[in-house]
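Taking it in order: structure first as structure tokens, then the write-up.
FYI, it's all coordinate maths here, none of it is from the lab. Note that this is a predicted model, so its numbers are computed, not measured. A quick note on method: Cβ atoms are made from the backbone with ideal geometry, for glycine too, and the neighbour counts reach across all protein chains shown.
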Amino acid sequence: MRQLLLLLRKELLELVRTKRAMVLLIVFGIFGILNPALAKLTPWMLSLMGESLAEQGITFGAITVDALTSWTQYFKNLMMEYILILAMFSSIFAQEYQSGTLVNLLTKGVSRGKVALSKLLAVQLTWTVCYWLTFLVTLGYTAYFWENALPAGIWLAAVCAYMMGVWLLSLELAFASALNSGMYALLLTGGVFALFFALGMLPQLTRFLPSHLGDGLGLLTGDMASSDILPALWVSLALSATQSALCVVGIRKKQL
């Protein structure tokens, strides 16, 4: 355990030294501010464009924004957050393989399994901090601008969106541990997501697919019940655990 904690500390310090932790915190904090800000500014922006649009025959009625508008923006921006975090960590193994630093660790008696676990923990911990930072900033500004900042279903929807990120990252690291290219790991992760998204077109499969976890907005609007998304949550937990195990297997089988 002590060895694992030391490796985890090394990974976290590396994130701080390379400024990646700072960049992620700043960007995810900005996402949190933008969600309610864009919702609040929507009527003003449309009024500015109203005259030019009216000349083209496009008119708007009265536009009302509320807390739900802010949370709608929150879920719309999730995909950009997933892409950012995946791109940031796609080369976490490739860098070690190419620089040869992993060989130095292994010759000192460090097990490959603990190296993989330390990277998994560092990545998921970073995602946890960044994701909930965005959520709490959005919550704070939404509460400031509107009442009912916490509509029914928001906590389950937020947890599901968070778990989708956990699933995607564990999937990417499973690929990354076996490959020498972070780009290939990122592309393969995107390909699997695209496959699940396509399978989601089949109504009988949708509720079981991890890609369904990003649709939590339906819980807030009443278009979806918790029973519609919980199966996808359990499947994503099982897949995340399996993919994390595959990450350990991948690094153990890797020729260095």
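Projecting label points 7 angstrom from Cα along Cα→Cβ for residue 234 and residue 156 puts them 1.4 nm apart.
For the range 2-253, the number of Lys pairs separated by eight or more positions or lying on different chains, with C-alpha atoms closer than 21 Å, is 10. For the chain, modelled as a GNM whose springs connect Cα atoms under 10 angstrom apart, the maximal fluctuation among 223, 215, 66 occurs at 223. Between the residues 145, 217, 164, the greatest Cα displacement towards the positive end of the dipole of the range 2-253, with unit charges on the Cβ of Lys, Arg, Asp and Glu, is found for 164.
In terms of packing, defined here as the mean over residues of other Cβ atoms within 10 angstrom, the peptides 73-83, 6-16 line up highest first as 73-83, 6-16.
Magnitude of the charge dipole for the range 2-253, about its Cα centre and with charges confined to Cβ atoms of Lys, Arg (+1) and Asp, Glu (-1), is about 1500 debye. Short-range pairs are left out: with C-alpha atoms under 8 Å and at least six residues apart, the relative contact order of the chain is 25 percent. Among the listed values [x] 28; [y] 19; [z] 32, the one matching percent of Cα pairs over 32 Å apart as calculated from this structure is [z]. By the beta-carbon count within 10 Å of each Cβ, the least crowded to most crowded order of 164, 201, 224, fewest first, is 201, 224, 164.
With helices as the sole contributors, the chain gives -26000 deg cm²/dmol at 222 nm; each DSSP H run of n ≥ 4 counts as -39500 (n - 2.57), and the sum is divided by every residue.
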